[in-house]
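This report refers to the structure that appears directly beneath it.
The values are calculated or read from the model by the stated rules, or taken from the named source; none is laboratory data. Remember, predicted model here, so these are calculated numbers, not experimental data. Using ideal geometry, Cβ is built from the backbone for each residue, glycine included, and neighbour counts are taken over all protein chains shown.
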Amino acid sequence: MTNSEIEAIRRTYPRIVSKDQVYRICHISKATALYLLQSGLIPCVDSGKKTRRYRVELDDVIAYLQNREIDPFSYKPPENYYVAKSHPASPHHKQAHIPNDLIPGARSFFEDKLQKFNDVLTTAQVSRFLGYSKTTIVNWYEKQEIKCFFIKNKLIFPKEYLIDFIVSDRCNYIHLKSNRHVALIKEYLSAE
């Protein structure tokens, strides 16, 4: 994190910030911000109130951002942290996958679907294309399940790496797929 980025944060936000400001500053989900505050990974004062519950020193948020660049995995929520917050799986989500014998054709299908994008995609573009949250995509990166580049605090996904992931067993057998992902799979299977 550069000094100019730190100064920009200091100019924009007060000395004491709320949980909502923490997730905006850090570009993380509300659930992740809550985990970081409740676990003490970002020090805070917990008033116990329903609203404006957490008071966080801006310096602690900046320290978190700097430390996260060095060791992002130490700030990762435990396995299945987000599962309890998600919706129950519907039967069509469990069933939607590409059979192994149709994987080669799936590469061509997804190459066609990604033609309108540049050669590299941002996290937001991958999120829109597959229908998963940005947090989920970052988690895939942190678990080394999807290849990409980390440049200037941003994840950049080459199309080839994204397609490799989409046709991988890891992606194909996601238990609770997004509606968008299911629709893409069904579109491909109906064309076969």
Exercise for review: Show the residue pairs that are 6+ apart or on different chains and have beta-carbon atoms under 7 Å apart, the first residue being within the range 172-192 and closer than 19 Å to S133 by Cβ, the second being modelled with pLDDT under 90 and among the charged types (D, E, K, R).
Suggested key: H175/K94
Check your understanding: Which one of the conditions (1) within 25 Å of V182 (Cβ to Cβ); (2) in a loop (DSSP other than H, G, I, E, B); (3) modelled with pLDDT under 90 does D101 fail to meet, given that it meets all the rest?
Key -> (2)
Exercise for review: Determine the pairs where a residue that is more than 22 Å from I137 (Cβ to Cβ), located within the range 1-28, has a partner that is of a type in the set (F, W, Y) and part of a loop (DSSP other than H, G, I, E, B) with Cβ atoms under 9 Å apart, the partner being 6 or more residues away or on another chain.
Suggested key: Q21/Y13
Point to revise | Members of the range 143-170 found to be in a helix (DSSP H, G or I), touching a residue at least 24 places away in the same chain (Cβ under 8 Å) and surrounded by 14 or more Cβ atoms within 10 Å (Cβ to Cβ), listed by number | key: K159, L162, I163, F165, I166
Check your understanding: List the pairs whose first member sits in the range 34-51 and is surrounded by fewer than 17 Cβ atoms within 10 Å (Cβ to Cβ), whose second member is part of a loop (DSSP other than H, G, I, E, B), and whose Cβ atoms are under 6 Å apart, counting only residues at least 6 apart or on separate chains?
Key -> S47/R53
Review point. Within the range 10-31, is even one residue outside any helix (DSSP H, G or I), hydroxyl-bearing (S, T, Y), in contact with an Asp or Glu (Cβ under 9 Å, 6 or more places away or on another chain) and closer than 21 Å to Y82 by Cα?
Key: no
